[in-house]
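One structure is given below, encoded as structure tokens.
The values are calculated or read from the model by the stated rules, or taken from the named source; none is laboratory data. Everything numeric in this text was worked out from a predicted model, so none of it was measured. Cβ placement follows ideal geometry from the backbone for every residue including glycine, while neighbour counts extend to all protein chains displayed.
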Amino acid sequence: MYFLPVTKDEADARGWAELDIIFVSGDAYIDHPAFGIPLLARLLESRGFRVGIIPQPDWHSKEAFTVLGRPRLFFAVSAGAMDSMVAHYTPARKLRSDDAYTPGNRHGSRPNRATIIYTSRVKEAYKGVPVVIGGIEAGLRRFAHYDFWDDKVRRSILFDSKADLLIYGMGENPLVDLAERMRKGEPFTSIRDIRGTAYIGDDSSYCPGGTCRTVTELPSYESVAADKAKYAEAFRLSAGELNPFRATVTVQRHGTRLLVCNPPAFPLSEKELDSLYILPFMKRPHPSYGETIPAYEQIKTSITTHRGCFGGCAFCAISWHQGTIIQSRSEESILREIQALTGFSWFRGSITDVGGPTANMYGTSCGNPSLLKECRRGSCLCPSVCRHLNASGKRAADLMRKVREIKGVRHVAVSSGVRYDLQDYQQEYFAELIRHHVGGLLKIAPEHLVDKVTAVMRKPRRKDFEKFLDYFKAESRRSGKKQYVVPYLISGHPGCTITDMVDLALLLKGYGLRVEQVQDFTPTPGTLSTCMYHTGLDPFTGKAVHVPRSEKEKRLQKALLLYHLPEHRKNIVQALTECNREDAAHKLFGNPSVRMPGKRNI
């Protein structure tokens with residue numbers, strides 16, 4: 001078994017004088033199926049293509065992009081597993097000092113707006129070689145989009161990068177289709193009909209052979225940049241194209257040119273998904289790295305059971321990237337991967353995760369395939385669980401039992417999160433989870449507990465959380481275990497006021513829950529929450545949404561969730577005064593002598 005080449009010497013060692021496709025990645029090269037670039041590269045290799053990877057090149061000159069020579073077909077460029085601006089900056093726009101996808105956890109191994117910079121350097125190094133961009137950064141910026149760091153609407157990344165084609169979503173089939181057609185001699189410039197791709201064209205270019213049906217035209221870049229109502233309209237229209245079975249070609253004018261976005265790729269079948277996980281991954285970083293890579297340490301013994309998420313959380317990009325249709329691997333494929341994992345010398349018996357974007361969605365599906373083809377819902381769970389959803393947890397429960405029985409496996413955790421509002425449909429799975437797969441602490445993500453805020457977030461209601469909390473405590477007692485819930489919460493989300501955060505803090509106090517970390521909302525590209533942050537509107541109803549914008553309000557909201565930490569008391573007192581909720585002071589602090597500004601002691 002070999003790593004894919006990252007140098008000319010490594011390519012020569014395999015007898016490859018010329019490569020067909022070269023990937024450029026903002027991440028270190030970790031040969032593991034949890035990382036997109038190695039997964040796609042191994043897939044193309046399995047189809048007979050000669051593939052290399054240039055990981056985290058020095059972007060200050062073109063020389064780093066020439067280490068593998070000129071590819072025969074194309075360059076494939078990605079910023080990595082995260083949008084480069086999200087990777088570089090905190091929600092307060094402060095520069096981070098770390099990067100989990102880099103050896104030594106060091107910041108600075110990829111540039112800001114990596115897709116644009118990498119594409120520019122590749123085109124500088126090799127004139128005329130097609131450049132295909134993809135990954136989370138390119139995919140979620142394919143339309144005109146609000147950029148939090150510039151605080152303005154930017155053009156489609158295709159225009160700013162000057163790339164030749166964009167692949168969005170999970171790109172296996174689009175990328176293989178493109179490579180196969182080019183190998184057969186079809187000119188790159190004539191390949192414009194692949195699902196899951198976008199390109200720059202004109203009015204005559206987006207119905208090749210007259211085969212496309214209705215075209216959805218979004219308001220132009222110029223109009224969405226000038227008018228927030230138009231931006232909200234564009235988001236609403238593009239959200240209607242999430243379902244690949246009913247999506248149309250979507251276009252958006254940028255001046256005299258046209259962004260043309262083909263419908264999404266169809267979800268992979270179980271057989272297709274299984275085939276990815278039998279590829280010859282080394283399951284470790286390239287040997288040239290001498291330092292630990294945190295992202296690898298986190299996932300080295302994790303197992304992906306499925307992809308996609310039908311939760312549709314407003315702030316989450318998963319449904320926009322992986323799709324809303326759950327694609328599950330077979331039980332045999334998963335067990336085979338775990339059995340192979342036990343053969344590695346570094347495996348110590350612990351599986352850190354068995355799951356996907358949401359662990360308990362494994363094996364679930366739409367129970368009415370004919371209606372699925374016309375479904376317009378952005379979430380199968382919000383505002384209520386769809387009556388057509390086959391949400392049974394039996395497959396997941398059966399799988400977990402069999403994983404525990406594998407020789408060499410001593411402990412199996414579930415760390416990828418669960419949707420507790422599926423509890424009524426998955427009693428068997430939740431019993432397995434609580435009895436066997438919680439290492440003392442179960443991390444769940446209610447994000448908020450005030451119903452009017454969770455409605456905006458598309459998250460479960462408070463009563464669902466309370467019901468699950470009671471069940472978790474009772475099941476833990478029956479198992480004879482002391483186990484606790486650790487809630488993940490977001491402050492500063494659109495739709496949330498300081499008063500809402502006071503109510504949330506009081507609820508946490510009542511439940512006896514404390515959080516040590518709070519995620520301040522970050523408007524990441526392409527999500528519903530970001531649309532609301534920028535426009536102040538719900539794009540589906542047109543109603544105004546409160547948006548916490550000032551640093552002061554964000555600071556006060558975040559402090560309220562840390563009411564139990566003395567260093568935040570001053571901010572909490574200020575927050576209570578701001579919203580005339582001084583009555584809550586003694587409940588939060590448990591001290592009747594807390595002094596409020598301008599008030600008698602409470």
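Filter segment 407-439 for residues that are among the hydrophobic types (A, V, I, L, M, F, W, C) and under 20 Å from P460 (Cβ atoms); which is nearest to the chain's Cα centre (by Cα)?
Looking at the filtered set, the residue picked out is V418.
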| request: Tell me, yes or no, whether segment 28-35 has at least one residue that is without any contact (Cβ under 8 Å) to a residue 60 or more places away in the chain, hydrophobic (A, V, I, L, M, F, W, C) and more than 23 Å from L166 (Cβ to Cβ). | output: no
| query | Could you list, in sequence order, the residues of segment 7-17 that are under 23 Å from M182 (Cβ atoms) and in a loop (DSSP other than H, G, I, E, B)? | reply | R14, G15, W16, A17
| query | Can you spot a residue in segment 486-499 that is buried (at least 17 other Cβ atoms within 10 Å of the Cβ), more than 30 Å from K152 (Cα to Cα), of a type in the set (A, V, I, L, M, F, W, C) and touching a strand residue (DSSP E or B) at 6+ places or on another chain (Cβ under 9 Å)? | reply | no
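Can you confirm whether V456 is among the hydrophobic types (A, V, I, L, M, F, W, C), in contact with a Pro (Cβ under 9 Å, 6 or more places away or on another chain) and modelled with pLDDT of 95 or more?
Taking the combined requirement at face value, the residue satisfies it.
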| said: Filter segment 448-484 down to the residues that are among the small types (G, A, S), assigned to a helix (DSSP H, G or I) and either in contact with a helix residue (DSSP H, G or I) (Cβ under 8 Å, 6 or more places away or on another chain) or surrounded by 18 or more Cβ atoms within 10 Å (Cβ to Cβ) (or both) and list them by number. | reply: S476
| query | Here is a list of conditions, (1) hydroxyl-bearing (S, T, Y); (2) assigned to a helix (DSSP H, G or I); (3) closer than 22 Å to G417 by Cα, and T524 meets all of them except one; can you say which number that is? | reply | (2)
| said: Can you pull out every residue in segment 377-418 that is touching a strand residue (DSSP E or B) at 6+ places or on another chain (Cβ under 7 Å), farther than 24 Å from S302 by Cβ and of a type in the set (A, V, I, L, M)? | reply: L389
| Hits in segment 547-577 (condition: outside any helix (DSSP H, G or I), under 17 Å from K509 (Cβ atoms) and under 27 Å from the mean Cα position of the chain (by Cα)) | L561, L562
| query | When the residues of segment 65-90 are filtered to those that are in contact with a strand residue (DSSP E or B) (Cβ under 7 Å, 6 or more places away or on another chain) and surrounded by fewer than 18 Cβ atoms within 10 Å (Cβ to Cβ), which remaining residue is farthest from A114 (Cα to Cα)? | reply | V67
| task | Return the only residue of A34, A41 being closer than 22 Å to R284 by Cα, buried (at least 20 other Cβ atoms within 10 Å of the Cβ) and within 26 Å of the chain's Cα centre (by Cα). | result | A41
| said: Could you tell me how many of the residues in segment 144-170 are touching a residue at least 40 places away in the same chain (Cβ under 8 Å), under 19 Å from P111 (Cα atoms) and either of a type in the set (F, W, Y) or not in a loop (DSSP other than H, G, I, E, B) (or both)? | reply: 8
| Of everything in segment 235-285 that's among the β-branched types (V, I, T) and surrounded by 16 or more Cβ atoms within 10 Å (Cβ to Cβ), which residue is nearest to Y29 (Cα to Cα)? | V260
| query | On the given criteria, is S379 of a type in the set (S, T, Y), modelled with pLDDT under 90, surrounded by 16 or more Cβ atoms within 10 Å (Cβ to Cβ) and assigned to a loop (DSSP other than H, G, I, E, B)? | reply | no
| request: Taking only segment 407-424 into account, find how many residues are in contact (Cβ under 8 Å) with a residue 40 or more places away in the chain and surrounded by fewer than 17 Cβ atoms within 10 Å (Cβ to Cβ). | output: 4
| said: If A445 satisfies all but one of (1) closer than 28 Å to H586 by Cβ; (2) hydrophobic (A, V, I, L, M, F, W, C); (3) surrounded by fewer than 23 Cβ atoms within 10 Å (Cβ to Cβ), what's the number of the condition it fails? | reply: (1)
| task | Output yes when any residue across segment 199-216 is crowded, with 16+ Cβ neighbours inside 10 Å and either more than 21 Å from L165 (Cα to Cα) or of a type in the set (G, A, S) (or both), and no when none is. | result | no
| query | Out of (1) modelled with pLDDT of 95 or more; (2) under 21 Å from the mean Cα position of the chain (by Cα), what's the single condition that is false for L242? | reply | (1)
| query | Could you say whether any residue in segment 18-37 is part of a helix (DSSP H, G or I), closer than 24 Å to I117 by Cβ and touching a helix residue (DSSP H, G or I) at 6+ places or on another chain (Cβ under 7 Å)? | reply | yes
| request: Residue by residue through segment 122-143, note down the ones that are surrounded by fewer than 23 Cβ atoms within 10 Å (Cβ to Cβ), in contact (Cβ under 8 Å) with a residue 40 or more places away in the chain and either assigned to a helix (DSSP H, G or I) or of a type in the set (D, E, K, R) (or both). | output: E124, A125, L140
| Considering only helices (runs of 4 or more DSSP H) fully contained in segment 222-336, which possess at least 1 residues that are within 30 Å of S384 (Cα to Cα), without any contact (Cβ under 8 Å) to a residue 60 or more places away in the chain and not β-branched (V, I, T)? | 228-239
| request: Give the residues of segment 156-196 that are out of contact with any Pro (no Cβ under 6 Å at 6 or more places or on another chain) and among the β-branched types (V, I, T), sorted by residue number. | output: I157, V176, T189, I191
| Is there a residue in segment 508-515 that is closer than 22 Å to A317 by Cα, surrounded by 17 or more Cβ atoms within 10 Å (Cβ to Cβ) and not aromatic (F, W, Y)? | no
| query | Scanning for something in contact with a helix residue (DSSP H, G or I) (Cβ under 8 Å, 6 or more places away or on another chain), outside any helix (DSSP H, G or I) and closer than 30 Å to C496 by Cα, does segment 429-439 turn up at least one residue? | reply | no
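Yes/no matrix, rows are residues, columns are (1) in the same structural domain as A138 (by TED's automatic domain parsing); (2) among the hydrophobic types (A, V, I, L, M, F, W, C); (3) crowded, with 17+ Cβ neighbours inside 10 Å; (4) out of contact with any helix residue (DSSP H, G or I) (no Cβ under 7 Å at 6 or more places or on another chain):
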{"site": "I318", "(1), (2), (3), (4)": "no, yes, yes, yes"}
{"site": "Q339", "(1), (2), (3), (4)": "no, no, no, yes"}
{"site": "F344", "(1), (2), (3), (4)": "no, yes, no, yes"}
{"site": "T358", "(1), (2), (3), (4)": "no, no, yes, yes"}
{"site": "G367", "(1), (2), (3), (4)": "no, no, no, yes"}
| said: Under 8 Å between Cβ atoms, which residue pairs at least 6 apart in sequence (or on different chains) link something in segment 467-487 that is touching a residue at least 12 places away in the same chain (Cβ under 8 Å) with a partner that is part of a strand (DSSP E or B) and among the hydroxyl-bearing types (S, T, Y)? | reply: none
